[in-house]
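Okay, so here's the structure we're looking at.
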Amino acid sequence: MHTLQVLEKKLGYTFRCKEQLQAALYHSSYANEHRCCGVSSNERLEFLGDAVLGLVTADYLYHKHPDLPEGDLTRMRAALVCEESLYEVAQRLGLGSELRLGKGEEAGGGRKRPSIQADAVEAVLAAVYLDGGIGSARKIVQQYILCREVEGLTSPRDYKTALQELVQRESGQVLQYRLTGEEGPD
């Protein structure tokens, strides 16, 4: 069975336009090396997929938890759609082995990088949305991401916000931050 067919089977979705799925797997490093062939990166799909994921997740949480305030819903959504969560989805789908990377990114271990795999999940979600509509995308989000909320795995992972809330419980308390250093890419 062709590897894209295996991915379609895992997604539970068959693409009418196979090129849509293929485009979701082109990392910018690959696209830069194959620009002469008209290959585009998955970055635009990633942008759209992020929005689709956010909408589907927000809609689900809004309707499932009618009594929760906005702040709680925001934290739950953040926990569901964070890089770590999307990386776990990518691993379940086997996206790392399906990505098309440039030589440098491949040599640098990009295939295993959580951020690249998480971005690919968003791109694949956008490809499903463009090929089959919001209903098809929603099914995949429910199967791979919203199931985590049902399993109770949406505890806040944002420790900065948790600290701010703790300090603000007492009136007159002010939390100040001081930059001690910067490293890594922007």
Direction-averaged shadow area of the convex hull around the Cα atoms of the stretch 1-95, nm²? 7.6 nm²
For a quick check, take a GNM of the chain with Cα springs below 10 Å and name the residue from 50, 131, 67 with the largest mean-square fluctuation. 67
If every Lys and Arg gets +1 and every Asp and Glu gets -1 at its Cβ, then about the Cα centre the stretch 1-153 yields a dipole, in debye to the nearest 20, of 500 debye
If you take the Cα atoms of the chain, find Rg, then find the Kirkwood Rh from the mean of 1/r over all pairs, what is Rg/Rh? 1.04
J(HN,Hα) series, the stretch 50-64, from Karplus relation 6.51 cos²θ - 1.76 cosθ + 1.60, nearest Hz, glycine and proline x: 4, 5, 4, 4, x, 5, 4, 5, 4, 4, 4, 5, 4, 7, 6
How large is ³J(HN,Hα) for each residue in the stretch 27-37, as worked out from phi by the Karplus curve 6.51 cos²θ - 1.76 cosθ + 1.60 (θ = phi - 60°), to whole Hz, x for Gly and Pro? 5, 4, 5, 5, 4, 5, 6, 10, 4, 4, 8
Relative contact order for the chain, counting Cα pairs under 8 Å that sit 6 or more residues apart, in percent: 29 percent
What is the sum of charges, Lys and Arg at +1 and Asp and Glu at -1, for the other residues whose Cβ falls under 11 Å from the Cβ of residue 101? +1
Which order do the peptides 133-141, 15-23 take when ranked by the mean count of other beta-carbon atoms within 10 Å per residue, highest first? 133-141, 15-23
222 nm mean residue ellipticity, helices alone, for the chain (DSSP H n ≥ 4; -39,500 (n - 2.57); rounded to 500): -18500 deg cm²/dmol
At 1.4 Å probe size, with the rest of the protein present, what percent of the exposed accessible area of the chain is carbon and sulfur atoms? 51 percent
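The values are calculated or read from the model by the stated rules, or taken from the named source; none is laboratory data. What you see is a predicted model; the values in this text were computed from it and never measured. Every residue, glycine among them, receives a Cβ derived from its backbone with ideal geometry; neighbour counts consider all protein chains shown. Each accessible area value is taken on the protein alone, full model and side chains, heavy atoms only, with ligands, DNA and RNA left out. Shrake-Rupley method; radii C 1.70, N 1.55, O 1.52, S 1.80 Å.
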